[in-house]
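Report on the following structure.
The values are calculated or read from the model by the stated rules, or taken from the named source; none is laboratory data. Because the structure is a prediction, the values reported are computed rather than measured. Here the Cβ positions follow ideal geometry from the backbone for every residue, glycine too, while neighbour counts run over all protein chains shown.
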Amino acid sequence: MMIHPLLPKLKELKLSGMLQTLESRALAARNDQLTPVEFLALLLEDEIERRRQGRLVRQEKGAGFEQHKLLAEFDFGAAPSIDRRFVAEMATCQFIARHENWLIYGPTGVGKSHLATAIGREAIAQGCTVLAAPTHRLAADLCAARADGTYPRRMHRLLNIDLLILDDFGLRPMAATAAEDLYELVHGRYERRSILLTSNRAPTEWPEVFGNELLASAALDRLTHHAHMTCITGQSYRQRQRPKEAIS
């Protein structure tokens, strides 16, 4: 395989990606009679877009999304309780700029995690830092961090991420230390950073998740202040799919 003569120079400048479009851009420049400056501008635009796409891929991977979900794929027809215009407004991520929370609740399988992941991806595309995790897993990670001495660094990161997505809040029992850690997250992020929380439980049930009335009151007071509340109703997506699978 022949090596392009410009490769060593482009590598030294950390611009080797330009080779992906160099020949096609050179051909277009000849056909369209572009000036050298116009040709260079096209190559630089390609490089900027390549780097932007690479950054998005790395950030989405680092965000911890468990599934690849897009807002365009969300089935609004199966979730009639959701206002499509409201979701479109939230997808602008202005609520993150305003340090507001979004709390989504409803039964299993109605698209809560799908919606949270899709909004997380939109936030990354708009330059926000995002971290998503099931609440019980995040609590376990913080517990492990206490044991290995990384707790301060781990907590510092969680407090400073632009959007923290806590999925399946209340799905599993929460130990006393986990409840305290969750309170610290809510308290530390209050009016500074945004939380997007999903839960199978109704908000009236959330206090019992903490197992501590005083802690629950303090945490939920901050969590629900400056918060958008969305209840999703409908049949589980997985249950709707069962008849189709049976027929096939």
- Query: Out of all the residues in region 209-245, which are at pLDDT below 75, part of a helix (DSSP H, G or I) and under 25 Å from the mean Cα position of the chain (by Cα)?
  - Reply: Tyr237, Arg238
- If you take just the helices (runs of 4 or more DSSP H) that sit entirely in region 1-66, which of them hold at least 2 residues that are touching a residue at least 40 places away in the same chain (Cβ under 8 Å)? 36-63
- Message: So in region 172-201, with the set limited to residues that are in a loop (DSSP other than H, G, I, E, B) and in contact with a Ser or Thr (Cβ under 9 Å, 6 or more places away or on another chain), which one is farthest from His136 (Cα to Cα)?
- Response: Asn200
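Mind checking which residues of region 9-55 are among the charged types (D, E, K, R), under 28 Å from Ala125 (Cα atoms) and surrounded by 10 or more Cβ atoms within 10 Å (Cβ to Cβ)?
Taking region 9-55 as the starting set, the residues that turn out to be among the charged types (D, E, K, R) are 9, 11-12, 14, 23, 25, 30, 32, 38, 45-47, 49-52, 55.
Cutting the leftovers down to under 28 Å from Ala125 (Cα atoms) gives us 11, 14, 25, 38, 45-47, 49-52, 55.
Those that are among the charged types (D, E, K, R), under 28 Å from Ala125 (Cα atoms) and surrounded by 10 or more Cβ atoms within 10 Å (Cβ to Cβ): Lys11, Arg25, Glu38, Glu45, Asp46, Glu47, Glu49, Arg50, Arg51, Arg52, Arg55.
Would a scan of region 10-31 turn up a residue that is modelled with pLDDT of 90 or more and either acidic (Asp, Glu) or at negative phi (or both)?
Yes, region 10-31 contains a residue that is modelled with pLDDT of 90 or more and either acidic (Asp, Glu) or at negative phi (or both).
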- Consider only pairs whose beta carbons are under 7 Å apart and that are at least six residues apart or on different chains; among these, list those whose first residue lies in region 127-148 and is closer than 21 Å to Ser113 by Cβ and in the same structural domain as Met174 (by TED's automatic domain parsing) and whose second residue is of a type in the set (Lys, Arg) and at pLDDT below 95. His136/Arg172
- Query: Quick one: is Cys93 of a type outside the set (Lys, Arg), surrounded by fewer than 19 Cβ atoms within 10 Å (Cβ to Cβ) and either touching a helix residue (DSSP H, G or I) at 6+ places or on another chain (Cβ under 7 Å) or in the same structural domain as Arg58 (by TED's automatic domain parsing) (or both)?
  - Reply: no
- Take the residues in region 66-109 that are modelled with pLDDT of 90 or more and in contact with a Phe, Trp or Tyr (Cβ under 7 Å, 6 or more places away or on another chain), then tell me which one is farthest from His187 (Cα to Cα). Arg84
